Amino acid sequence: MSNEAVLHAPTTTITHHHDAHADHGHEHHHHETFITKYVFSQDHKMIAKQFLITGMVWAVLGGLMSVLFRLQLGYPDAKFPWLQDLLGKFWVEDGKITAQAYYALVTTHGTVLVFFVLTAGLSGTFANFLIPLQIGARDMASPFMNMLSYWFFFAASCVMLSSLFVETGPFSGGWTAYPPLSALGQASPGSKTGMDLWLIAMALFVVSSLLGGLNYIATVLNMRTKGMSMTRMPLTIWALFFTAVLGVLSFPVLFSGFILLIFDRNFGTSFYLSDLYVNGVTLPNEGGSAILFQHLFWFLGHPEVYIILLPAMGMVSEILSTNARKPIFGYIAMIGSLFAIAILAFLVWAHHMFVTGLNPFLGSIFVLLTLLIAVPSAIKVFNWLTTLWRGNIRFTPGMLFAIGFVSLFISGGLTGIWLGNSALDIHLHDTYFVIAHFHIVMGVASMFGMFAGVYHWYPKMYGRYLNNTLAYTHFWITLIGAYLIFWPMHYQGLAGMPRRYYDYSIWESFKQFAELNRFISTVAMVVFATQLLFLFNFFYSIFKGRKVTNQNPWGSTTLEWTAPIRPGHGNWPGEIPEVHRWAYDYGKDGRDFVPQTEPVGANESHH
Amino acid sequence: MTTVSSNEPKRLHPHKFTLWVAMGSICMMFAGLTSAYIVKRNQANWLEFALPKSFYYSTAAIMLSSATMYIALKAFKARERSRYKNFIALTAVLGVLFGVLQTLGFNELTSQGIKLLGFGSNAAASFLVPIIGLHMLHVAGGIIALLVTLFRAFGRKIKSYNTTPIEIVATYWHFVDLLWIYLFIFLAWIK
């Protein structure tokens, strides 16, 4: 039954009345104004672009923040009077970045990159863009909810942005917002208005994620075109589907953690607070447990890592297969490993809490479950490498970023095996080793997945190509730079250098790293500057890039390339194409590729 | 609209499906809160007290409202419009009554000297506010949905016999009812 049929089958309406929910199945063309086309759009492709560009704005802001705090770490004695003129006294005093500003920068950098860039910017963009196009649907199950999802994200962005401008500064207690720092206004300047705004922004963000996630799940399960069985779906869709499931099940738990935090902050309850002395004053709160927040936070926090990583994994699988001109190796194993990761994601949260006084026996169970994640991860890496093995590799920019992702995932994943051990974690927790691990495996790797996706699907998004020279420069400097920034941090962490310190030069044990810190900071600035190449390339090419003339520029099998070069709202002008085979018939029977829409021949076996 | 042959098995309407996923999501939120409750309960300084009587009455009210909702849906399907309107309105009224009784329950606790919020409050009592409060917000959402359905039933000149919107409201209403029964048993049993 087609989507139209599902949406209207139970309708025995005498006169069909239009409401916002019911009119998207058709292919009639609305008269679109600027507002309905570019602002309050219900077209999944436009919403995807809105998510992408908002995510890019946040990536620039979050990246700039890291440049600022790296400036402090690399050059603790230098003075920057010009920065004071630019940013004002809260941020820079006497030419030096203030301690309060440093913590605010670290906190906001983390929050923004994890949630606004790598969750909203990554799965918001590609789930919106690819799900309907790759499963053969005219739009999402509920385009209206989809629009709301973006605007809640936009509202969250505005509130978070506004927290940068309040007098006491943005929240500065770390992106994990552990109480009591996050619960008590008197704990630090950032815990006052900044924290209130942080909580409001995050609550709005959770709503946005849930609205989006519900829609992605409903769309994947209900709106597939004829012949698109679950096992014919491209791996991108599988990955985005599991991502949405993780989000829908774990964000509400974070939300309940936030609710209790709000009560502690504003209504004098003691869920998380007990036995506190602030500035010599004894607080009346009794019997609360700060660890309780950590349980609730990390029950989301750990799945969140996979919410960030899975979309990148899915897109990389698709891009590797397309550009190696080979079927993905082990398609079912790829789905199975995604599923295993999604399940395990919920069972490992306490590995963030090994040193909180957790029962060592319980800890050992979490060690076992954590290390089990290595199994599906290794399956994925093996399959990516075997997909590349003896392929006719085309090194497009998207392909390079996809290979870069695999490289980073291996390097970062290996240190995960170290950190997953509760015994090793006693030494390594809260050191630069952790920073190095999660930046490589989750941060930079997912960023590479995002870049791979943008370079690969840009022709579909804007009907133009990106400039290749800029793209290759962008890739090489970013890849080498990422390793140069984060590799040395492993050594610092092993030497016991703790994270979140304002100035290491006053510590006898860490003085030796002064030059290494300066080196890391310098590379960080170069890598940040290189991202401007990408930004220029992106925006310039929207208007001036080489036009796409070939409907299927990469020779792909999937459905999005059967739509017109610049698809309208509804994606396909005529009937939605029917699917006859899986998405990975590359190099089959002497043919370069066989699109999913081609019926299975008499002498072919079924997939 | 394209004409389609519907010889394939009938699939769930996407909006209904979305509701089911959303209900799963809401369950996770309350699972988070109730597990936090259990974790907290196993630590020192936990106050034990009996639930107020009003909560028993509110449980009866919301269970009754599920029955009226069921009758309303049946009436809609049988195209008995006035019966449908009456029972939808009755359901909404019972929903409001539920909210009132919950609030009375909080007052009852306060008058017994159990401090819910503020300094000196015990987490055992404080937990009731976010848990029951969030549930009341979900009921309020249901009441708004009922009112919208009701106004549509009165206001529309062209009659719609599409059962999907009312079925979605009904499913959600039964869900908040079941959710309350779970929370009630949980709070009454584990104290």
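The values are calculated or read from the model by the stated rules, or taken from the named source; none is laboratory data. Since this is a predicted model, take the numbers as computed values, not measurements. Cβ sites come from the backbone with ideal geometry, for glycine too, and all protein chains shown count toward neighbours. For accessibility, only protein heavy atoms count, side chains too; no ligands or nucleic acids. Shrake-Rupley method; radii C 1.70, N 1.55, O 1.52, S 1.80 Å.
Per-residue ellipticity at 222 nm for the protein assembly as shown, helices alone: DSSP H runs ≥ 4 residues times -39500 (n - 2.57), over residue total, nearest 500 deg cm²/dmol?
-21000 deg cm²/dmol
Using Cα atoms only, what is the angle between the long axis of helix A:397-419 and the major principal axis of chain A, expressed in degrees (0 to 90) to the nearest 10?
Value to nearest ten degrees: 40.
Per residue, how much space in cubic angstrom lies within the convex hull of the C-alpha atoms of the stretch B:50-189?
94 Å³
Got a sec? What order do A:D139, A:D94 fall in by accessible area at 1.4 Å, biggest, i.e. largest, first?
Putting A:D139, A:D94 in descending order of accessible area: A:D94, A:D139.
Could you work out how far the C-alpha centroid of the stretch A:342-415 sits from that of the stretch B:18-79, in angstrom?
39 Å
What three numbers, in Å, describe the spread of the alpha carbons of the stretch A:246-320 along their principal axes, ordered from the longest?
Sorted largest first, the three principal extents are 60, 22, 16 Å.
Can you tell me the accessible area per residue over the stretch B:50-189, all protein chains present, probe 1.4 angstrom, in square angstrom?
Accessible area per residue: 46 Å².
Can you sort A:W582, A:W561 by solvent-accessible area, 1.4 Å probe, largest first?
Largest to smallest exposure gives the sequence A:W582, A:W561.
Can you bin the stretch A:487-584 into rounded, prolate or oblate? Criterion: square roots of the alpha carbon gyration tensor eigenvalues sorted a ≥ b ≥ c, rounded for a/c under 1.5, prolate for a/b above b/c, oblate for the rest.
prolate
Hey, can you grab everything whose amide H is under 5 Å from the amide H of A:K96? Only 5+ residues off in sequence or another chain; H modelled, so Pro and N-termini drop out.
Those qualifying (amide H under 5 Å, at least 5 residues apart or on another chain) are A:F80.
I'd like the accessible area for B:M63, computed on protein heavy atoms only with a 1.4 Å probe and all protein chains in place. Round to 10 Å², please.
The accessible area of B:M63 comes to roughly 100 Å².
If you project the alpha carbons of the stretch A:51-147 onto their three principal axes, what span does each projection cover, largest first, in Å?
Largest first, the stretch A:51-147 extends 59, 22, 18 Å along its Cα principal axes.
Counting alpha carbon pairs within less than 8 Å and at least 6 residues apart, what relative contact order, in whole percent, applies to the stretch B:50-189?
33 percent
I'd like the distance between the alpha-carbon centres of the stretch B:93-115 and the stretch A:535-607, rounded to an integer number of Å.
Comparing the Cα centres of the stretch B:93-115 and the stretch A:535-607, I get a distance of 60 Å.
Return a whole-number percent for the relative contact order of chain A, with Cα pairs under 8 Å and 6 or more residues apart as the contact set.
Dividing the mean separation by the residue count of chain A yields 16 percent.
Tally up the carbon and sulfur contribution to the accessible surface of the protein assembly as shown as a whole percent, 1.4 Å probe, everything protein left in place.
67 percent
Indicate the residues belonging to the stretch B:25-66 that lose 10 Å² or more of solvent-accessible heavy-atom surface (probe 1.4 Å) upon moving from the chain alone to the assembly of all protein chains, ignoring ligands and nucleic acids.
B:S25, B:M28, B:M29, B:G32, B:L33, B:A36, B:V39, B:K40, B:Q43, B:N45
Which sequence of B:M23, A:M145 reflects their accessible areas, 1.4 Å probe, from the largest down?
Ranked from most to least accessible, the order is A:M145, B:M23.
Based only on Cα atoms, what mean projected area does the convex hull of chain A have, in nm²?
In nm², the orientation-averaged hull projection of chain A is 29.9.
Quick one: angle between helix A:374-388 and the longest Cα principal axis of chain A, in degrees between 0 and 90, rounded to 10, please.
50 degrees
Would you look at the GNM of chain B, springs on alpha carbons closer than 10 Å, and say which of B:G141, B:G155, B:G95 moves the most?
B:G155
Please name which of A:N285, A:N323, A:V245 has its Cα lying farthest along the dipole of the stretch A:243-329 towards the positive end, using unit charges on Cβ (Lys, Arg +1; Asp, Glu -1) and the Cα centre as origin.
A:N323
With the contact rule set at Cα under 8 Å and sequence spacing of 6 or more, what percent relative contact order holds for the stretch A:251-360?
23 percent
Which value, in Å² and to the nearest 10, is the accessible area of A:R500 when all protein chains are kept and the probe is 1.4 Å?
Its heavy atoms expose roughly 80 Å² to the probe.
How big is the dipole moment of the protein assembly as shown about its Cα centre under a simple scheme where the beta carbon of each Lys and Arg is +1, that of each Asp and Glu is -1, and everything else is neutral? Debye, nearest 20, please.
The dipole of the protein assembly as shown has a size of about 1520 debye.
So how tilted is helix A:44-74 from the main axis of chain A? Cα-based, degrees 0 to 90, rounded to 10.
The helix A:44-74 is inclined about 30 degrees to chain A.
Counting only protein heavy atoms and rolling a 1.4 Å probe, how much accessible area do B and A lose on contact, total for both sides, in Å² to 100?
So the buried area, both faces added, is about 4200 Å².
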